[in-house]
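Below is one structure, written out as structure tokens; comments come after it.
None of the figures in this text is laboratory data; all of them are computed from the coordinates on show. Predicted model, so just to flag it, every value in this text is computed and none were measured. Backbone-built Cβ (ideal geometry, glycine too); neighbour counts: all protein chains shown.
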Amino acid sequence: MIYVRKSEFLSTGFTHKGVTLIELLLVISIFLIVGVTSGSIASNFLVRNNLQNKVNEVVSTLRTAQLNSISSKGDSRWGVTATTDDIILFRGDSYASRDPTYDEKFSIPKSVTVTSFEVAFNKLTGNPNQVLTVILSNNIGESYTVSLNEVGIVDLN
């Protein structure tokens, strides 16, 4: 007859079926660390993306207003204005005297700040009524400068 000690049998032949509290806590802590890290990275990505989108929108809207004015679309001047909440493409000599049925509004997210401006372009020449510098920034310290010179060239810095 072979005698096997009870401790040897348990250490070699018994398999553990279940999860201990320590294992469960370890898995939960790993998920929390990964979640918090990816959450902050995703948040910064969205803020940066919002800023880049608004910069492209300002440049595109300025160029659209200029092209509409050059082609005398609607036999009118076109312009762009920015408030704290919106970027607006308008038809008319100024925002105050515009025809609101032609307005195209683009909202500005709360994480992005745009300096207020208004500019209108002359028919046929496309020259702006003023030289313009617009600063767009976000709440994590990034900023871009969009410039419009006297002949209507849009520059991004």
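Restricting the calculation to Cα positions, tell me the Rg (one decimal) and the Dmax (whole number) of the stretch 111-157 in Å.
12.4, 41
Using Cα pairs closer than 8 Å and at least 6 residues apart in sequence, work out the relative contact order for the stretch 85-133, in percent.
Once divided by the residue count of the stretch 85-133, the mean separation gives 30 percent.
For the stretch 66-122, what number results from the quotient of the Cα radius of gyration and 2.2 N^0.38 Å?
Dividing the Cα radius of gyration by 2.2 N^0.38 Å gives 1.14.
How far apart, in nm, are two points set 7 Å out from the Cα along the Cα-to-Cβ line at V27 and at T84?
Here the answer is 4.9 nm between the modelled labels.
Given a cut-off of under 8 Å on Cα pairs at least six residues apart, what relative contact order in percent is computed for the chain?
Value for the chain: 18 percent.
Check N127: other-chain or 5+ apart residues with amide H under 5 Å from its amide H, H built from backbone geometry?
N122
Among L32, L67, I88, pick out the residue whose Cα is farthest towards the positive end of the charge dipole of the chain, where Lys and Arg carry +1 and Asp and Glu carry -1 on C-beta, about the Cα centre.
L32
Hey, in the GNM for the chain with a 10 angstrom Cα cutoff, which one of T84, T125, T37 fluctuates hardest?
T37
Enumerate the amide H contacts of I108 below 5 Å, restricted to partners 5 or more residues apart or on another chain; note that Pro and chain-start residues carry no placed amide H.
D86, I87
Using only Cα atoms, tell me the angle between helix 21-70 and the longest principal axis of the chain; keep it within 0 to 90° and round to the nearest 10.
10 degrees
Would you indicate which of (1) 19.3, 52; (2) 30.4, 110; (3) 14.9, 46 is the value of Rg and Dmax of the Cα atoms in Å derived from the coordinates of this structure?
(2)
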